[in-house]
Amino acid sequence: MIRVSDLGIKFKMEKRRRSRTLSFLLERPHNQSRSPAEFWALRHVSFAVERGETVGIIGRNGSGKSTLLRVIAGIYPPDEGKVSIGGEVSTLFSLGTGFNAELSGRDNIYLDGIMMGLTKKQIDEISDAIIEFAELGDFIDMPVRTYSSGMRSRLGFAIAIHCDKDIVLIDEIMGAGDAAFRQKAEAEMNRIMGERTVMLVSHAMGTIERFATRVIWLNRGVVAAMGKPEEVIEQYLAESKVKKQPPDKGVGVI
């Protein structure tokens with residue numbers, strides 16, 4: 001379903017040039033040219049995800065988790081290696097990523113659906129279910145800029161789940177929404193597990209343990225460990241010198 005082979009992604013680290021006055025005061029020519037440094041966000045990353053697996057991605061901030069999902073989604077092209085995807089992908093990245101803030105929630109359903117490759121007829125068939133699941137009421141016809149972060153997240157989750165793609169990529173959307181919606185979202189996650197391939201990024205270890213069948217720990221852009229959730233999480237927490245938190249029944253997927 002997903003094959004990642006020796007993946008590498010690099011970014012250029014552009015520094016702001018000093019002002020002419022400051023350069024003069026420091027006795028350095030302001031136009032001194034320097035090649036921008038390169039930063040490898042991911043390097044030599046290899047793994048395979050089979051159909052129906054739910055794989056959790058963990059690691060500290062800046063370890064490459066979100067970058068990895070964006071490569072799999074086709075947003076970033078690899079600088080090294082190869083990524084092979086055996087199916088269609090739906091994404092849920094951050095709070096409202098990809099939404100047009102000036103359009104209504106209803107219009108954004110169509111915009112996101114089209115970007116995911118759906119036809120207008122297909123979106124027509126699922127739009128009512130998306131609106132009902134997101135629980136936005138009359139706000140569905142209001143501009144998304146008027147939404148709270150929780151409302152954006154609920155709408156994004158509803159779209160991603162109802163687009164019925166083979167692969168679902170979810171990036172750190174935990175904790176938004178009230179308890180009732182989190183419970184509903186968790187039930188939906190349980191439903192799709194085994195039916196679809198899911199890759200889930202989160203700092204909430206309880207959520208990763210609850211849903212993931214396997215965990216990949218990224219550390220500074222490389223795979224530090226991969227395997228059973230409880231084993232990899234224990235290694236990650238030990239290296240990070242963080243105590244494992246007791247399970248919180250009130251925290252769900254969203």
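If the condition is being surrounded by fewer than 18 Cβ atoms within 10 Å (Cβ to Cβ) and in a strand (DSSP E or B), then region 39-78 contributes PHE39, TRP40, HIS44, SER46, PHE47, ALA48. Only residues that are modelled with pLDDT under 80 and within 16 Å of VAL201 (Cα to Cα) were counted across region 173-189, and they come to 4.
In region 166-181 there is at least one residue that is crowded, with 16+ Cβ neighbours inside 10 Å, part of a helix (DSSP H, G or I) and in contact (Cβ under 8 Å) with a residue 60 or more places away in the chain. When we screen GLY105, GLY81 for residues that are at pLDDT 95 or above, at positive phi and surrounded by 16 or more Cβ atoms within 10 Å (Cβ to Cβ), the only hit is GLY81.
A search for C-beta distances below 7 Å between a residue of region 222-237 that is more than 21 Å from LEU42 (Cα to Cα) and any residue that is part of a helix (DSSP H, G or I) and among the hydrophobic types (A, V, I, L, M, F, W, C), counting only pairs 6+ apart in sequence or on different chains, returns PRO229/ILE208. Looking only at region 192-208, which residues are among the charged types (D, E, K, R) and within 17 Å of the chain's Cα centre (by Cα)? Hit for region 192-208 is ARG196, nothing else.
With respect to ASP112, determine if the residue is of a type outside the set (Lys, Arg), closer than 23 Å to VAL198 by Cβ and outside any helix (DSSP H, G or I). Here the answer is no, as ASP112 does not meet what is asked. Open to solvent by less than 40 Å² (accessible area, probe 1.4 Å), part of a helix (DSSP H, G or I), modelled with pLDDT under 95 and within 19 Å of ILE170 (Cβ to Cβ): is that true of GLY150 in this structure? For GLY150, the condition - open to solvent by less than 40 Å² (accessible area, probe 1.4 Å), part of a helix (DSSP H, G or I), modelled with pLDDT under 95 and within 19 Å of ILE170 (Cβ to Cβ) - is met.
Looking only at residues in region 86-102 that are of a type in the set (A, V, I, L, M) and touching a strand residue (DSSP E or B) at 6+ places or on another chain (Cβ under 6 Å), the one that is least open to solvent (accessible area, probe 1.4 Å) is LEU92.
Return yes or no: is ARG145 in a helix (DSSP H, G or I), of a type in the set (D, E, K, R) and crowded, with 19+ Cβ neighbours inside 10 Å? Against the criterion (in a helix (DSSP H, G or I), of a type in the set (D, E, K, R) and crowded, with 19+ Cβ neighbours inside 10 Å), ARG145 does not qualify. Among the residues of region 115-136, those that are crowded, with 16+ Cβ neighbours inside 10 Å, part of a helix (DSSP H, G or I) and of a type outside the set (S, T, N, Q) comprise ILE123, ILE126, ILE130, ILE131, PHE133, ALA134.
The listed residues are GLN245, GLN235, and the only one of them that is modelled with pLDDT under 85, open to solvent by 10 Å² or more (accessible area, probe 1.4 Å) and of a type in the set (S, T, N, Q) turns out to be GLN245.
The values are calculated or read from the model by the stated rules, or taken from the named source; none is laboratory data. Keep in mind that what you see is a predicted model, and the values were worked out from it rather than measured. Here the Cβ is made from the backbone with ideal geometry for all residues, glycine too, and neighbour counts use every protein chain on show. Calculation scope for accessible area: heavy atoms of the full protein, side chains included, ligands and nucleic acids excluded. Shrake-Rupley method; radii C 1.70, N 1.55, O 1.52, S 1.80 Å.
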